[in-house]
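Please read the structure below before turning to the comments.
The values are calculated or read from the model by the stated rules, or taken from the named source; none is laboratory data. Just so it is clear, the structure is predicted and the values come from calculations on it, not from any experiment. Every residue, glycine as well, gets a Cβ built from its backbone with ideal geometry; the counts of neighbours run over all protein chains shown.
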Amino acid sequence: MLLLATALTTTLYGGEHYYSFLLEFGNRAVEPALRHLFPGGLWYSLAILTILGAHEMGHYLTCRFHRVDATLPYFIPMPIAITGTMGAVIRIREPFPTRAILFDVGVSGPIAGFVVLIPLLFAGLYMSNVRALPADFIGYSLGEPLLFTGATWIVWGPIPAGYSLNMHPLVFAAWFGLLATAWNLLPYGQLDGGHITYALFGGRATRISYVTLAAVVALVFLSWSWLFFAAVLVLMAILGAVRHPPVTYDSVRLDRGRQLIAVLAAVILTLSFTPKPFEIYAAIRPLTER
């Protein structure tokens, strides 16, 4: 039921993203039509469900491999957000036996989602176009993670001043996938990054979580778009979720191979992170042009 509800909300917002794409920042006149919602909305809906599903199935299948009891993914519909969803989660029903198993489960989701979103990002960029921004344009400006910036440059090269990438809905799905990956990989509590940090450092992970919490709260003053996520982390701290539960056999350390994969996870976090996820963009013409 949650999956169907999320498919509905992401298709509705996917229809809006597809319609906005056709408008080309208002440079084209396009009448709203049902085809923008269906099948147009499926460009975004299917892409984001695939990215989130790959992320959570990475966790789930790793749990199955290690015989850890876990649920299938729960998708979270969000009809009041432009993403149409707040992601997906699985529920772990028993303590993790060792740090190695905790690490495997924590890191598998971000890697799986990241691998899936890369081809969708490039496919969407090839389906996008670059258009001039109207002098009175007002809209959202999305922060660009390093991977997003690099992929855009590979496909489109330098974009001239006064122009902007008119994103196909596939690109927005990949962008949200990058944002979700970065948030999940932050070393905090029981986020994926928190699992990885505890597997690496044990009880010292709690101090790292508090540093992460302070950093995210500080980012609110840089960009209002961090406000909701910061509130979630603060609530987790109030509920005591900032401290990661211990594993059953805590004395077993991570092997060299897993430590190298932890470095890969840090690279993925760096490529996916943006300090200003959302901003309001308003183009203002010089007085001489008004």
Of SER141, SER209, which residue is buried (at least 17 other Cβ atoms within 10 Å of the Cβ) and small (Gly, Ala, Ser)? SER209
Looking at the range 257-271, I want the residues that are closer than 18 Å to THR212 by Cβ and touching a residue at least 40 places away in the same chain (Cβ under 8 Å) and have a partner that is hydroxyl-bearing (Ser, Thr, Tyr) and surrounded by 14 or more Cβ atoms within 10 Å (Cβ to Cβ) with Cβ atoms under 8 Å, at least 6 apart or on another chain. Which pairs are those? ILE268/THR181; LEU269/THR181
Within the range 11-30, can one find any residue that is polar (S, T, N, Q) and either surrounded by 15 or more Cβ atoms within 10 Å (Cβ to Cβ) or at pLDDT 90 or above (or both)? yes
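One line per residue, one yes/no per condition, for (1) over 18 Å from PRO95 (Cα atoms); (2) modelled with pLDDT of 95 or more; (3) out of contact with any strand residue (DSSP E or B) (no Cβ under 7 Å at 6 or more places or on another chain):
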| residue | (1), (2), (3) |
| --- | --- |
| GLY194 | no, yes, yes |
| ALA215 | yes, yes, yes |
| VAL242 | no, no, yes |
| ARG253 | no, no, yes |
| ALA265 | yes, yes, yes |
Meets criteria (closer than 13 Å to HIS55 by Cβ and not hydroxyl-bearing (Ser, Thr, Tyr)) for LEU179: yes
In the range 1-34, anything under 26 Å from LEU133 (Cβ atoms) and part of a helix (DSSP H, G or I) is listed as TYR13, GLY14, GLY15, GLU16, HIS17, TYR18, TYR19, SER20, PHE21, LEU22, LEU23
Taking HIS59 and the conditions (1) within 14 Å of ILE82 (Cα to Cα); (2) in contact (Cβ under 8 Å) with a residue 40 or more places away in the chain; (3) surrounded by 24 or more Cβ atoms within 10 Å (Cβ to Cβ); (4) not hydrophobic (A, V, I, L, M, F, W, C), which numbered condition does it fall short on, given that it satisfies the others? (1)
Residue pairs meeting the criteria (Cβ under 7 Å; at least 6 apart or on separate chains; first assigned to a helix (DSSP H, G or I), in the range 216-245; second among the aromatic types (Phe, Trp, Tyr)): VAL216/TRP226; VAL216/PHE229; LEU219/TRP226; VAL220/TRP226; SER225/PHE278; PHE229/TRP183; LEU233/TYR188
Of all residues being outside any helix (DSSP H, G or I) and touching an Asp or Glu at 6+ places or on another chain (Cβ under 9 Å) in the range 86-117, which is farthest from GLU56 (Cα to Cα)? Just the residue, please. THR98
Would you check if there is a residue in the range 214-232 being within 22 Å of LYS276 (Cβ to Cβ), surrounded by 14 or more Cβ atoms within 10 Å (Cβ to Cβ), among the aliphatic types (A, V, I, L, M) and touching a Gly at 6+ places or on another chain (Cβ under 9 Å)? no
Here the qualifying pairs (Cβ atoms under 6 Å; residues six or more apart or on different chains; first in the range 188-208 and over 12 Å from PHE96 (Cβ atoms) and part of a helix (DSSP H, G or I); second of a type in the set (A, V, I, L, M, F, W, C) and modelled with pLDDT under 95) come out as THR197/ALA205
From (1) over 26 Å from MET236 (Cα atoms); (2) part of a helix (DSSP H, G or I); (3) over 20 Å from the mean Cα position of the chain (by Cα), pick out the condition that doesn't hold for ALA161. (2)
If you take the residues in the range 66-120 that are farther than 17 Å from LEU254 by Cβ and of a type in the set (S, T, N, Q), which one is surrounded by the most Cβ atoms within 10 Å (Cβ to Cβ)? THR85
Does any residue in the range 103-127 that is touching a residue at least 40 places away in the same chain (Cβ under 8 Å) and within 17 Å of LEU271 (Cα to Cα) come within less than 9 Å, Cβ to Cβ, of a residue that is surrounded by fewer than 24 Cβ atoms within 10 Å (Cβ to Cβ) and of a type in the set (Lys, Arg) six or more places away or on a different chain, and which pairs are these? VAL107/ARG258
